[in-house]
Amino acid sequence: QSRACGDGDEFTHETWATDARDLATHIGLTRLAVLGHSYGGFLALEYAVRWPDMLTHLVLVATSAGPVRVQFPMLDTDIQLREHFRDRWPRFFHGENKHWDLFVTLTFSAVAFNTAFTRALPKYDLRDRVASLETPMLLVVGRQDAYLPHMEWLADHAKQATLCVLNDVGHFPFVEAPNEFIRTVASFLGSAGDAV
């Protein structure tokens, strides 16, 4: 509750990545696979460059190593943020089905959103760290997603990256092509000897 009511100073990439690491450590995981989608991909990559020895695999979905130049207005309330994304939601999908059933399950935090997009994201750029990663990396992106060039850049610059581009898919490949997405990720995770 205190985080939701604060001014957002606690919402940093370092904090979020550290929270994920601390959770993994708390439940006894010394090695694990990490998957991140979109903004979660920024944080998954932050995790990977900070604690690469903890990772068996890294799965990045429709994301970027930076920089990401996105202009969003400051939104005062969670309700305003929900309406902001309600207007943009159809653009995330290539097919006719816009998956409104998924949208209605989402929760929104204007404080976290404003902090992420006005303070954290403008400083986000891990491109110079990508080449040093030894972690096997799977990159999944829809052919119709705006992040496709970013994912192609990652594929060209990461040492052990495999790029999977799904046709007729937008920003949510696990929603628009769930069977292909699950098969691809499961195959990747099962491809190395060290279990996750």
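Please work out the average accessible area per residue across the stretch 90-196, using the 1.4 Å probe convention, and give it in Å².
54
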Task: Within the chain: Cβ-based charge dipole about Cα centre, in debye rounded to nearest 20 (Lys, Arg +1; Asp, Glu -1) - done: 180
TODO: With a ≥ b ≥ c taken as the square roots of the eigenvalues of the C-alpha gyration tensor of the stretch 86-196, please select rounded if a/c is under 1.5 and otherwise prolate if a/b is larger than b/c or oblate if it is not?
DONE: oblate
Open item on the list: With every protein chain left in place and a probe of 1.4 Å, what is the accessible surface of V70, to the nearest 10 Å²?
Closed with: 50
Open item on the list: For Cα extents along the principal axes in Å, pick the label among (i) 43, 41, 35; (ii) 48, 39, 31; (iii) 56, 41, 33 that corresponds to the value derived from the coordinates.
Closed with: (ii)
Open item on the list: So if I take the centroid of the Cα atoms in the stretch 137-196 and the same for the stretch 64-113, what is the distance between those two points in Å?
Closed with: 22
Task: Size of electric dipole in the stretch 103-196: Cβ of Lys, Arg +1 and of Asp, Glu -1, about Cα centre, debye, nearest 20 - done: 280
Open item on the list: Can you compute the helix-only [θ] at 222 nm over the chain? Use -39500 (n - 2.57) per DSSP H run of at least 4 residues, normalise by all residues, nearest 500 deg cm²/dmol.
Closed with: -11000 deg cm²/dmol
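The values are calculated or read from the model by the stated rules, or taken from the named source; none is laboratory data. These numbers come from a predicted model, not from an experiment. Every residue, glycine as well, gets a Cβ built from its backbone with ideal geometry; the counts of neighbours run over all protein chains shown. Keep in mind that these areas ignore ligands, DNA and RNA; they rest on the heavy atoms of the full protein, side chains included. Shrake-Rupley method; radii C 1.70, N 1.55, O 1.52, S 1.80 Å.
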